[in-house]
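Worksheet: one structure, shown below.
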Amino acid sequence: MFVNQNELGMYEVYFTEESSFTKVIVNGERKSQQDIDGAMAWFKIAQYCDDNETKKLLIISKLTGSISRMSSYDVSRSLEQFGVKKHIKIAFIDTLTESFNANSFSVKFTKKNGYDIELFDDENAAISWLIQ
């Protein structure tokens with residue numbers, strides 16, 4: 001198992017290679033008007049996926065604090081600019097109600113833009129979907 005940690009501004013991003021997917025844990029505290037932290041995290045995730053030829057990605061958000069729908073949307077509409085490839089199957093886990101709702105809105109938009117992504121609040125459900 002390979003683990004790689006990168007600190008990005010307020011967020012810490014941890015990568016672990018599992019048997020059939022890459023697991024990413026993002027820790028930190030969301031602050032208002034700090035969309036750059038989310039952008040930097042996605043950029044680093046995209047770079048890691050390119051370097052490791054990732055096909056399936058489990059992202060676990062352990063971020064605290066709320067995020068607005070607009071902030072979540074701004075980050076999600078820029079995934080292609082960050083280098084996130086559309087062939088990567090992404091299971092995104094968010095267990096905080098307020099951010100889950102904002103991210104739910106963004107995931108719908110992201111799917112319409114050709115990404116294979118689903119939002120979950122449970123890791124077992126996310127893994128089951130991801131390994132199908």
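The values are calculated or read from the model by the stated rules, or taken from the named source; none is laboratory data. Bear in mind the structure is a predicted one, so any value in this text is a computation, not a measurement. Backbone-built Cβ (ideal geometry, glycine too); neighbour counts: all protein chains shown. Calculation scope for accessible area: heavy atoms of the full protein, side chains included, ligands and nucleic acids excluded. Shrake-Rupley method; radii C 1.70, N 1.55, O 1.52, S 1.80 Å.
Among the residues of the range 91-123, those identified as closer than 18 Å to ILE45 by Cα and of a type in the set (Asp, Glu) are ASP94, ASP116, GLU118.
Considering the range 40-59, and only residues there that are under 12 Å from THR16 (Cα atoms) and not in a strand (DSSP E or B), the residue that is most open to solvent (accessible area, probe 1.4 Å) turns out to be ASN52. Restricting attention to the range 24-39, the residues that are part of a helix (DSSP H, G or I) and either in contact with a Ser or Thr (Cβ under 6 Å, 6 or more places away or on another chain) or open to solvent by 70 Å² or more (accessible area, probe 1.4 Å) (or both) add up to 2.
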